[in-house]
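First comes the structure, then the notes that go with it.
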Amino acid sequence: MTLLAEKPASVLRRPPERAPYWTMRRRDQLAGWLMVAPQLAGIVAFVIVPLGLVVWYSLHEWNVLAGTFDYVGGENYQALLDDPRLGPALRATGLFSAGLVVLNLSLALFLAVLLNQKLRGTVVFRTLFFSPVVVTLVAWTIVWGFLLQDNGGINGFLDLVGIDGPNWLRGDTTAMISVIVVQLFKNVGLNMVLFLAALQGVPAELYEAARIDGASAWARFRRVTVPLISPTILLTSILTIVGSLQVFAQIAVLTQGGPGTSTTVLVYYLYQQAFQFHHFGYGATISLLLFVIVLALTVLQWRMRKRWVFHEA
Amino acid sequence: MKLKLTVYAVLLVCCVPFVFPTWWMATTSLKPVNEIFAFPPALWPRDATLDAYRQVFELQPFAQQYVNSLYIAIVVTAGTLVVSSLAGYAFARVPFRGSGVVFVIVLAGLLVPNEVTIIPLYRMFDGLGLVNTHWPLILIPILGAPSVLATFIMRQFFITLPRELEEAGRVDGLGRFGLFWQVSLPLAKPAIGAVAIFTFLHSWNLFLEPIVFLSSKEKFTIPQALTQYVDAYGGALWNVQLAAATMSALPVLIVFVLAQRQFVEGLAQAGLKG
C-alpha cells in the first residue's frame, strides 16, 4: 500500500526538465581530446621533448665512444663560434639555398607559363616535368652521380659536340653547381604545378584590359601576372628555402661534403659531428643553429608577406 | 602557328634533364660492364644483359630490403592517415576547450626539421633498445613532425565541408565518432589521397633516418641499400646500383603515370595547404 502511495509522490518531486550530464557539448570535449591525443602525444614526445634535449645536450661535452657526459656550460657555443669549419658550412648552405631558390622559382614559373599556353598535349609535358618528384630520391641522385663522372654521360655528350667537360664532382664550384642542379630537376615540378594552379586563377579580363592599354607581353607578365600570383611566389619560396636547408641525401651520395668542405652544408656537418665523430653535444649545438636559421627565415618571410604580397589569398 | 611551334620546341628541350636521367638509369642497368662508360655514349645497350639485376640480389638481401621499405611505407601511410584524419577532424569540427592551444603546439612540428631532433631521437630509441629496428622509422613519421602537414591538410579539408551534412547525421542519432566515420570521412577522399601519396613518397625516400638508426643489411631500406653496391675499394658498381635504383623507381613511376592527375593535384594541394 505504502509503496503505491509513494510512487506518484516521487515522480512529482523529480525536477521536471533535468538535462542529462553527457550533453553534446560535454561529449565533444571528450571526443575532441581523444581525437587529437595521438598527434599531441607524438608532437610532445618526438618534437618538443627532443627540442628541449637538444638544448640540454648542447650544454654538455658528450663523447659517446669515450662514454663521457660533462656539463660545460657555453663551451660548445664558444667552440662553434671559433670553429674554422663553421664559416665554410654556412657559406655552402647559403650558396646552395640561394642558388636553388633562384633557379627553382625561375624555372618553375617559366615552365608553368609555357604549360599555361593551353596547347594540345600539355598534360603529357606536365607529367614528364613532374615525374622526377616520384623517382626515389637516392635513385635519382645515383644516376646523376653516374652521369657527372669524369668519363660519364654528360661529358660524353659534351665531347660529341667538341666540349671538354670538367670533372664535375671534383671541382669546388662545379660540385656545388652539380648538387644544386640535381636537386633542382628533382623537385621543380612541385613548384611548377603550384604556379600553374595560380596562373589559371588569374582572370583573363585583366590580360585583355592590359592588352587594350597597349601593354607588351613582358609588361603584362610583370604588371599583371606577377602581382596576382605573389602569394604563390612567397609560398614556394618558403617551401623551397626550408627544404633546401634540409638537403642531406644528395650531399651524402654525390660529394660526401667535398671536395674539401665545399659542399659540406650545415645538415651534413651536423651528421658528421654527431654520427661520424660521435660528438653528440657539439652536434646538438649545430642542430640548434640550424633550428634558429629555419625559424628566423620562416618568420622573416611571413613578415615580408604584408609588404610584398599584392593581396592575401 | 609559329609561336605554337616555338613553345613545343622549348618544351621538348626542357624535357631532357627531367626524362633523360630516368632513361639513362634504366638503359645503363641493362648494359654489360664494358659498355657503361663507352664512348660515344649509347642511348640503348648493344648487348643487353640482366647480369646487373642478378648481382643486385646476390650482393645484398635486396628482396628483404625491398619488403622492408614497402611495408614500412605502407604502415606509415596507414598510421598517418588514422592519426591525421582524427586530429584534423577534431581541429576543424569539434568545439573543445584548448583546441586553439593544442593546434599551435601541433603546428610547431612544422617548424622543426627532422634533422634538428635526430640526435635526441637517436638517444631515446637507443635507450629503449629500439636502434637497429624499424620502430623509429615507423613511429616518428606517424606521430611526430612529418604527420603535422597531413593533419593540417585534413583540417583544411574538413573545414570546407558544409555543416548541414553533420546536422542531418546528428538528427539520425550519430555521436561524434559516428559523424566522423560515417559522414565526414567518406567525403574526404581527395584529402586522404593527397596525404597517402605524399606520406608514402616521404617514407619511401627517407635516407638520413635509416642510416642513423639501422646497421644490419637485412634491416636496411632501399635508399640506404642502393649506396652499398660498391667494390672492394669503395668504388660504385654503377650498373648494379642503377639496376637496384631502377627497381626502386619503376613501380612508383608506373603508378604515377596511371594516376598522374591524382599525384599532381594531390601533391599540389599538399604544397598549397602546407
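The values are calculated or read from the model by the stated rules, or taken from the named source; none is laboratory data. Computed from a predicted model, the values in this text were never measured in an experiment. Here Cβ is always computed from backbone atoms with ideal geometry, including for glycine, and neighbour counts include all displayed protein chains.
Comparison of B:103, B:157 shows that the only residue that is closer than 16 Å to residue A:35 by Cβ, away from every other protein chain (no Cβ under 11 Å) and either over 16 Å from the mean Cα position of the chain (by Cα) or modelled with pLDDT under 95 (or both) is B:157.
For the stretch B:20-41, the set of residues classified as surrounded by fewer than 15 Cβ atoms within 10 Å (Cβ to Cβ) and among the aliphatic types (A, V, I, L, M) consists of B:33, B:38, listed by residue number.
What do you reckon, is residue A:247 surrounded by 22 or more Cβ atoms within 10 Å (Cβ to Cβ) and at pLDDT below 95? Break it down into steps so the answer makes sense when it comes.
Numbers: surrounded by 22 or more Cβ atoms within 10 Å (Cβ to Cβ): yes; at pLDDT below 95: yes.
Against the criterion (surrounded by 22 or more Cβ atoms within 10 Å (Cβ to Cβ) and at pLDDT below 95), residue A:247 qualifies.
Of all residues in the stretch A:214-246, those that are of a type in the set (Gly, Ala, Ser) and under 17 Å from the mean Cα position of the chain (by Cα) total 3. A Cβ distance below 8 Å, combined with a sequence gap of six or more or placement on separate chains, defines the contacts here; from the stretch B:55-70, residues that are among the β-branched types (Val, Ile, Thr) reach residues that are part of a helix (DSSP H, G or I) in the pairs B:56/B:62; B:56/B:240; B:56/B:243; B:56/B:244; B:56/B:247. Look at (1) surrounded by 17 or more Cβ atoms within 10 Å (Cβ to Cβ); (2) under 24 Å from the mean Cα position of the chain (by Cα) and you find that residue B:71 fails only one, number (1).
Filtered by the rule that a residue be touching a Pro at 6+ places or on another chain (Cβ under 7 Å), closer than 26 Å to residue B:257 by Cβ and more than 8 Å from every other protein chain (Cβ to nearest Cβ), the stretch A:134-191 gives a lone residue, A:186.
Taken over the stretch A:206-240, the criterion of being of a type in the set (Ser, Thr, Tyr) and touching a helix residue (DSSP H, G or I) at 6+ places or on another chain (Cβ under 8 Å) is satisfied by A:207, A:225, A:230, A:232, A:236, A:237, A:240.
Please determine whether any residue of the stretch A:241-257 is of a type in the set (A, V, I, L, M, F, W, C), more than 11 Å from every other protein chain (Cβ to nearest Cβ) and in contact with a helix residue (DSSP H, G or I) (Cβ under 7 Å, 6 or more places away or on another chain).
Filtering the stretch A:241-257 down to residues of a type in the set (A, V, I, L, M, F, W, C) leaves A:241-242, A:245, A:247-249, A:251-254.
Subsequent filtering for residues that are more than 11 Å from every other protein chain (Cβ to nearest Cβ) retains A:241.
If we keep only those that are in contact with a helix residue (DSSP H, G or I) (Cβ under 7 Å, 6 or more places away or on another chain) as well, we get A:241.
Looking for residues that are of a type in the set (A, V, I, L, M, F, W, C), more than 11 Å from every other protein chain (Cβ to nearest Cβ) and in contact with a helix residue (DSSP H, G or I) (Cβ under 7 Å, 6 or more places away or on another chain), one finds at least one in the stretch A:241-257, hence yes.
Out of curiosity, is residue A:236 within 14 Å of chain B (Cβ to nearest Cβ) and within 30 Å of residue A:118 (Cβ to Cβ)?
Working: within 14 Å of chain B (Cβ to nearest Cβ): yes; within 30 Å of residue A:118 (Cβ to Cβ): yes.
For residue A:236, the condition - within 14 Å of chain B (Cβ to nearest Cβ) and within 30 Å of residue A:118 (Cβ to Cβ) - is met.
Could you tell me whether residue B:195 is among the β-branched types (Val, Ile, Thr) and within 7 Å of chain A (Cβ to nearest Cβ)? Steps first, answer last, please.
Details: among the β-branched types (Val, Ile, Thr): yes; within 7 Å of chain A (Cβ to nearest Cβ): no.
It is false that residue B:195 is among the β-branched types (Val, Ile, Thr) and within 7 Å of chain A (Cβ to nearest Cβ).
Taken together, the residues in the stretch A:44-71 that are β-branched (Val, Ile, Thr) and part of a loop (DSSP other than H, G, I, E, B) amount to 1. For the stretch A:205-232, a residue qualifies if it is in a helix (DSSP H, G or I) and within 13 Å of chain B (Cβ to nearest Cβ), and the qualifying residues are A:217, A:231, A:232.
Determine whether the stretch B:237-260 contains at least one residue that is touching a residue at least 40 places away in the same chain (Cβ under 8 Å), touching a Ser or Thr at 6+ places or on another chain (Cβ under 8 Å) and assigned to a loop (DSSP other than H, G, I, E, B). The answer is no; no qualifying residue exists.
Do we find that residue A:95 is surrounded by fewer than 23 Cβ atoms within 10 Å (Cβ to Cβ), modelled with pLDDT under 90 and more than 14 Å from residue A:254 (Cβ to Cβ) in this structure? Break it down stepwise before answering.
Working: surrounded by fewer than 23 Cβ atoms within 10 Å (Cβ to Cβ): yes; modelled with pLDDT under 90: no; more than 14 Å from residue A:254 (Cβ to Cβ): yes.
It is false that residue A:95 is surrounded by fewer than 23 Cβ atoms within 10 Å (Cβ to Cβ), modelled with pLDDT under 90 and more than 14 Å from residue A:254 (Cβ to Cβ).
Looking only at the stretch B:213-226, residues that are in contact with a helix residue (DSSP H, G or I) (Cβ under 6 Å, 6 or more places away or on another chain) and within 14 Å of chain A (Cβ to nearest Cβ) come to 8 in all. The single residue among B:117, B:133, B:151, B:199 that is within 21 Å of the chain's Cα centre (by Cα) and part of a loop (DSSP other than H, G, I, E, B) turns out to be B:133. Restricting attention to the stretch A:269-282, and to residues there that are touching a helix residue (DSSP H, G or I) at 6+ places or on another chain (Cβ under 9 Å) and in contact (Cβ under 8 Å) with a residue 60 or more places away in the chain, which single residue is nearest to the other protein chains (Cβ to nearest Cβ)? Looking at residues that are touching a helix residue (DSSP H, G or I) at 6+ places or on another chain (Cβ under 9 Å) and in contact (Cβ under 8 Å) with a residue 60 or more places away in the chain, I get A:280.
Is it the case that the stretch A:114-135 has a residue that's in a helix (DSSP H, G or I), among the hydroxyl-bearing types (Ser, Thr, Tyr) and over 20 Å from the mean Cα position of the chain (by Cα)?
yes
Beta carbons closer than 8 Å, at least 6 apart along the sequence or on distinct chains, pair a first residue in the stretch A:145-170 that is of a type in the set (Gly, Ala, Ser) with a second that is exposed (fewer than 15 other Cβ atoms within 10 Å of the Cβ) for A:156/B:39; A:156/B:40; A:165/A:158. Of the residues making up the stretch A:237-250, one or more are under 29 Å from residue B:227 (Cβ atoms), of a type in the set (A, V, I, L, M, F, W, C) and free of Cβ contacts under 8 Å to residues at least 40 places away in the same chain. Checked against (1) at pLDDT 90 or above; (2) at the interface with chain A (Cβ under 10 Å from one of its Cβ atoms); (3) over 27 Å from residue A:133 (Cβ atoms), residue B:170 meets all criteria but (1).
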